[in-house]
Amino acid sequence: MLALNINPVQQRAAERGSRTPEKVFKNVALAWHKSNRKWSQNTADRLRASLNNHIFPVIGNLPVSELKPRHFIDLLKGIEEKGLLEVASRTRQHLSNIMRHAVHQELIDTNPAANLGGVTTPPVRRHYPAPPLERLPELLERIGAYHQGRELTRHAVLLMLHVFIRSSELRFARWSEIDFTNRVWTIPATREPIIGVRYSGRGAKMRMPHIVPLSEQSIAILKQIKDITGNNELIFPGDHNPYKPMCENTVNKALRVMGYDTKKDICGHGFRAMACSALMESGLWAKDAVERQMSHQERNTVRMAYIHKAEHLEARKAMMQWWSDYLEACRESYAPPYTIGKNKFIP
């Protein structure tokens with residue numbers, strides 16, 4: 001066996017597993033995968049591909065009862081050696097979840113993959129550049145002067161600044177999501193996928209409907225957009241095909257045309273950081289309230305369901321109106337957030 005580069009210990013374990021196929025890691029993992037009904041189809045497919053590519057070839061045929069921390073450590077180290085740090089991090093989470101499933105099914109007593117944190121180098125988190133608030137007047141001037149591309153593109157950049165939602169939430173938006181009467185944009189948990197467009201089924205990132213109150217300024221921008229694309233289903237259709245959304249790089253490309261380096265100066269996602277910074281510096285809202293409107297991840301599912309509901313809609317309307325008013329106040333010159341709207345807005 002050694003001459004054939006086969007580990008005799010793992011080979012014997014695999015042979016034992018073949019006599020009880022339901023207890024081998026691969027079958028336990030597939031049962032876990034099948035049991036999770038909360039994933040989108042894209043997520044489920046990507047996870048299955050990861051299992052097939054990185055996990056099953058190494059430990060797929062081994063009985064879960066014989067797996068030790070060393071098996072998982074060696075597997076993760078192998079992924080790390082390929083430079084796939086993000087994959088290694090996600091794989092560690094998947095391994096722990098699968099083995100926890102094995103515990104729940106009474107196949108094993110304890111989870112040997114539960115304490116693998118720190119085994120591999122953590123991935124470098126992506127940095128989304130955002131300029132200091134002092135540069136808001138410059139940004140607003142450049143957006144206003146942008147005429148090198150479609151008028152729809154300029155509106156997209158400006159609306160994204162006012163509502164500070166994520167790129168996919170903006171690109172795949174439908175007119176049916178906008179309630180002009182109540183001035184609310186409800187981003188659904190998922191959207192009807194567009195044939196031939198990757199990830200077009202994405203809705204709100206936290207996979208729960210996200211309510212975005214619309215300021216007077218945001219409503220005005222949307223009405224201008226409606227004059228251009230109101231006959232389409234998509235708010236931001238592409239340049240060549242009205243049935244497909246604008247390119248994912250549209251906003252950042254426009255920012256580059258405006259003279260910004262989207263890797264160092266600012267990118268579309270950086271609008272969120274600017275809004276968050278200003279809202280916190282205003283002193284009008286608690287961090288929890290700002291996080292709620294940012295639609296940041298909440299690990300407590302009961303609390304997550306609560307904060308995405310409309311109970312705090314009036315306060316959130318005030319917050320979004322303050323941000324738009326603050327942008328207007330900074331159009332000519334910078335104003336510190338704490339100097340704007342102290343008397344008008346009540347947290």
Looking at Arg135, Arg174, which is the one that is of a type in the set (Lys, Arg), surrounded by fewer than 18 Cβ atoms within 10 Å (Cβ to Cβ) and touching an Asp or Glu at 6+ places or on another chain (Cβ under 6 Å)?
Arg174
Could you list all residues from the range 227-249 that are within 22 Å of Ser324 (Cβ to Cβ) and either among the aromatic types (Phe, Trp, Tyr) or crowded, with 16+ Cβ neighbours inside 10 Å (or both)?
Thr229, Ile235, Phe236
I'd like the full set of residues that are under 30 Å from Asn232 (Cβ atoms), of a type in the set (A, V, I, L, M) and in a helix (DSSP H, G or I), limited to the range 243-299.
Val251, Ala254, Leu255, Val257, Met274, Ala275, Met294
Considering only the range 67-84, state which residues are surrounded by 15 or more Cβ atoms within 10 Å (Cβ to Cβ) and within 25 Å of the chain's Cα centre (by Cα).
Leu76, Ile79, Glu80, Leu84
Would you point out which residue out of Ser333, Ser324 is modelled with pLDDT of 90 or more, crowded, with 16+ Cβ neighbours inside 10 Å and at negative phi?
Ser324
Considering each of Ile98, Ile79, Ile73 in turn, give the residue that is in the same structural domain as Leu47 (by TED's automatic domain parsing), out of contact with any helix residue (DSSP H, G or I) (no Cβ under 9 Å at 6 or more places or on another chain) and touching a residue at least 40 places away in the same chain (Cβ under 8 Å).
Ile73
Among the candidates Arg191, Arg183, Arg142, single out the residue that is under 18 Å from Gly230 (Cα atoms) and either surrounded by 16 or more Cβ atoms within 10 Å (Cβ to Cβ) or among the hydroxyl-bearing types (Ser, Thr, Tyr) (or both).
Arg183
Considering the range 63-99 alone, what residues qualify as being out of contact with any Ser or Thr (no Cβ under 8 Å at 6 or more places or on another chain) and either outside any helix (DSSP H, G or I) or at positive phi (or both)?
Leu67, Lys68, Lys82, Gly83, Leu84
Helices (runs of 4 or more DSSP H) wholly in the range 136-208 with at least 1 residues that are of a type in the set (Ser, Thr, Tyr) - which ones?
151-163, 167-171
Of the residues His127, His33, which single one is more than 30 Å from Tyr334 (Cα to Cα) and either part of a helix (DSSP H, G or I) or not assigned by TED's automatic domain parsing to the domain that holds Arg202 (or both)?
His33
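The values are calculated or read from the model by the stated rules, or taken from the named source; none is laboratory data. Just so you know, these numbers come straight off a predicted model, no measurement behind them. Cβ: placed from backbone, ideal geometry, glycine included. Neighbour counts: every protein chain shown.
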